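The values are calculated or read from the model by the stated rules, or taken from the named source; none is laboratory data. Because the structure is a prediction, the values reported are computed rather than measured. Cβ atoms come from the backbone with ideal geometry, glycine included; neighbour counts cover every protein chain shown. Side chains are part of the model used for accessible areas, which takes the heavy atoms of the whole protein and leaves out ligands, DNA and RNA. Shrake-Rupley method; radii C 1.70, N 1.55, O 1.52, S 1.80 Å.
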Amino acid sequence: MRHLDFIEYRRVETQEDFEDIEQLRYKAYKAANVLPVAAPSMIDEADFDPHAYVFGIYYFEELVSTIRLHHVNPAHPLSQSAGVFPDVMEAYLDAGLTLIDPARFAVDPDVAAELPILPYITLRPSIVAAAYFKADRVLQHVRPHHAAFYKRVFYAETVVDRRMTEIYGLELTLMATNTHTTGEKLLKRYPFFDSGVHERRLMFGRQEAHLPTTPLTILPSARLVAAGKITGAVAGRDY
């Protein structure tokens with residue numbers, strides 16, 4: 001929780017900011033030896049989809065990580081996971097489920113070793129998004145050896161054990177967190193994932209009339225929730 005005092009989330013929508021995000025993605029993916037073999041750029045059309053939300057995470061005002069989230073529903077099925085697991089995504093949407101699909105997770109390798117909490121902070125917007133959109137599932141398409149992390153932290157269940165991907169030339173596992181059955185215990189165990197209504201609106205309220213422009217900086221509200229100063233996500237209402 002104390003690290004959140006020095007964290008800022010910024011929604012990326014300008015060309016200049018996307019250039020910084022592309023450089024960070026390239027640096028992180030190259031360090032992990034997972035550069036896409038079939039993609040000419042680390043920025044793609046999905047970054048500009050109306051249901052896509054790209055975030056830069058800043059620690060002491062330095063860009064240290066990034067993530068892209070897609071809000072997926074039957075009326076808007078575009079997602080990163082659909083490219084590898086189209087059968088599963090189709091089944092989810094046929095069932096009328098709404099999904100949060102994180103992708104393009106990238107952490108500065110020079111910072112990661114000094115800040116082990118950074119993956120949690122980077123993935124936090126996916127939980128905030130689940131509360132804002134009242135999503136049924138938060139998906140995770142990850143390398144198989146990372147599956148244990150998502151099972152432990154996000155109570156994620158394995159949907160597809162492993163499947164080869166063309167774009168990366170490696171295997172991925174598809175996992176899913178059921179927000180209805182795990183939301184309460186997830187936020188109780190990791191209160192820094194919680195958020196107030198105002199933070200959720202700043203992060204994802206692109207279409208709201210009282211938010212005509214994207215805010216430059218979004219500060220985490222988890223500490224305010226933990227202190228009882230504002231209300232966090234509520235079972236039965238937000239998840």
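Kindly indicate which of ALA148, ALA135 is assigned to a helix (DSSP H, G or I), over 27 Å from GLU62 (Cβ atoms) and not hydroxyl-bearing (Ser, Thr, Tyr).
Matching residue, one of ALA148, ALA135: ALA148.
Just checking, how many residues over the stretch 191-218 are at pLDDT 95 or above and over 16 Å from the mean Cα position of the chain (by Cα)?
So the answer is 4.
When GLN140 is evaluated against the numbered criteria (1) polar (S, T, N, Q); (2) more than 17 Å from the chain's Cα centre (by Cα); (3) modelled with pLDDT of 95 or more, which criterion, by number, is the only one it fails?
Looking at each condition in turn, GLN140 falls short on (2).
Would you mind stating whether THR231 is open to solvent by less than 40 Å² (accessible area, probe 1.4 Å) and polar (S, T, N, Q)?
no
Pull up the stretch 152-211, narrow it to residues that are assigned to a strand (DSSP E or B) and among the aliphatic types (A, V, I, L, M), then point me to the one that is surrounded by the fewest Cβ atoms within 10 Å (Cβ to Cβ).
Once the filter is applied, the top-ranked residue is MET164.
Among the candidates ALA91, ALA28, ALA46, single out the residue that is under 22 Å from LEU172 (Cα atoms), assigned to a helix (DSSP H, G or I), among the small types (Gly, Ala, Ser) and open to solvent by 40 Å² or more (accessible area, probe 1.4 Å).
Being under 22 Å from LEU172 (Cα atoms), assigned to a helix (DSSP H, G or I), among the small types (Gly, Ala, Ser) and open to solvent by 40 Å² or more (accessible area, probe 1.4 Å) holds for just one of ALA91, ALA28, ALA46, which is ALA91.
Considering only the stretch 94-110, state which residues are touching a Ser or Thr at 6+ places or on another chain (Cβ under 9 Å) and either open to solvent by 30 Å² or more (accessible area, probe 1.4 Å) or on the phi > 0 side of the Ramachandran plot (or both).
Answer for the stretch 94-110, where residues must be touching a Ser or Thr at 6+ places or on another chain (Cβ under 9 Å) and either open to solvent by 30 Å² or more (accessible area, probe 1.4 Å) or on the phi > 0 side of the Ramachandran plot (or both): ARG104, PHE105.
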